[in-house]
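The structure follows.
The values are calculated or read from the model by the stated rules, or taken from the named source; none is laboratory data. Not measured: the values here are computed from a predicted model. Cβ: placed from backbone, ideal geometry, glycine included. Neighbour counts: every protein chain shown.
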Amino acid sequence: MRDGHTFDGIRAEQLSALLVLPRVEVFAETTSTLDMAHRLGDAGAPAGTLVIADHQTAGRGRSGRRWSSTAASGLWLTLLERPRAQSGVGVLSLRVGLRSARALDRFVSEPIRVKWPNDLYVNGRKLAGILIEARWREARLEWVAIGLGVNTATPGDIPDAGSLDTGVQRVDVLVDLIPGLRAAAACEGELTSGELAEWDARDLARGRQCIEPARGRVAGITASGELLVALADSVATFRSGSLVLDRLMIPFQ
């Protein structure tokens, strides 16, 4: 399926050996690495299959939003996994966020922050986005596609976006990222106390006022991945939706 393109001069089979993955597909251009991963999953591709593209013509984020993914400005990938259990799927995007933040810390000037449910920030600017898509056969989980887009340079069409430090090699980022993504996919059950503590330490939004999914103050997340928002006289939980912070309010200390 690969188009013969190399990734920063490295062939797909070389990347496969370097990353200890059974299969790597590299494209100069594709609609979306998520789309390609699902096609491969449907054809029986093994767990650990990685799809990378230099340019996505229809990269997407949550709720069908467009994700800017121009050539050579970032790392656009999808990892296909086939978890043995489905109990961790509900919090997979959060686990992937934490593992990705750990891996990317060494490529930026300050610790990566996380924002529910699927974004990574550096210096207050969006650095990366995560999109998890699962495919089921009746009640049985067939595979999950872990989509991740990381800006390695500031996108020309989004000048206020965050990016990794200048001079970072994309292959080095891949080497650090992939083990964490695979480990996240293998986890079962809800977030652990350690993961919740790490989320709290990295949480961009905790203590800040938000206007969506409700007006209130962000109070963290639950072990099952729900967003907590403190209202006037109660705490509301949200399983899905978007978190929009009130930029006019001074962050809560």
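Given the conditions (1) in contact (Cβ under 8 Å) with a residue 40 or more places away in the chain; (2) within 29 Å of Thr154 (Cα to Cα), report the number of the one that Asp246 does not fulfil.
The one condition Asp246 does not meet is (1).
So, one more: Looking only at residues in the stretch 73-122 that are without any contact (Cβ under 8 Å) to a residue 60 or more places away in the chain and in contact with a Ser or Thr (Cβ under 8 Å, 6 or more places away or on another chain), which one is surrounded by the fewest Cβ atoms within 10 Å (Cβ to Cβ)?
That would be Asn118.
Please go through the stretch 195-221 and pick out each residue that is in a loop (DSSP other than H, G, I, E, B) and over 19 Å from the mean Cα position of the chain (by Cα).
Quick first cut of the stretch 195-221, residues in a loop (DSSP other than H, G, I, E, B) only: 204-208, 213-215.
Within the stretch 195-221, Arg206, Gly207, Arg208, Pro213, Ala214, Arg215 qualify.
Could you list, in sequence order, the residues of the stretch 145-160 that are surrounded by 19 or more Cβ atoms within 10 Å (Cβ to Cβ) and of a type in the set (A, V, I, L, M, F, W, C)?
Let us first name the residues in the stretch 145-160 that are surrounded by 19 or more Cβ atoms within 10 Å (Cβ to Cβ), namely 145-152.
Of everything in the stretch 145-160, those that are surrounded by 19 or more Cβ atoms within 10 Å (Cβ to Cβ) and of a type in the set (A, V, I, L, M, F, W, C) turn out to be Ala145, Ile146, Leu148, Val150.
When you scan the stretch 159-184, how many residues do you find that are part of a helix (DSSP H, G or I), over 15 Å from the mean Cα position of the chain (by Cα) and more than 19 Å from Thr6 (Cβ to Cβ)? First the steps, then the outcome.
To start, the set of residues in the stretch 159-184 that are part of a helix (DSSP H, G or I) comprises 170-184.
Of the ones still in play, those that are also over 15 Å from the mean Cα position of the chain (by Cα) are 170-172, 175.
Cutting the leftovers down to more than 19 Å from Thr6 (Cβ to Cβ) gives us none.
Residues that pass the stated criteria total 0.
Do the conditions hold for Glu142, that is, is it surrounded by fewer than 19 Cβ atoms within 10 Å (Cβ to Cβ), in a strand (DSSP E or B), within 14 Å of the chain's Cα centre (by Cα) and assigned by TED's automatic domain parsing to the domain that holds Ser16?
Details: surrounded by fewer than 19 Cβ atoms within 10 Å (Cβ to Cβ): yes; in a strand (DSSP E or B): yes; within 14 Å of the chain's Cα centre (by Cα): no; assigned by TED's automatic domain parsing to the domain that holds Ser16: yes.
So Glu142 does not fit the description; no.
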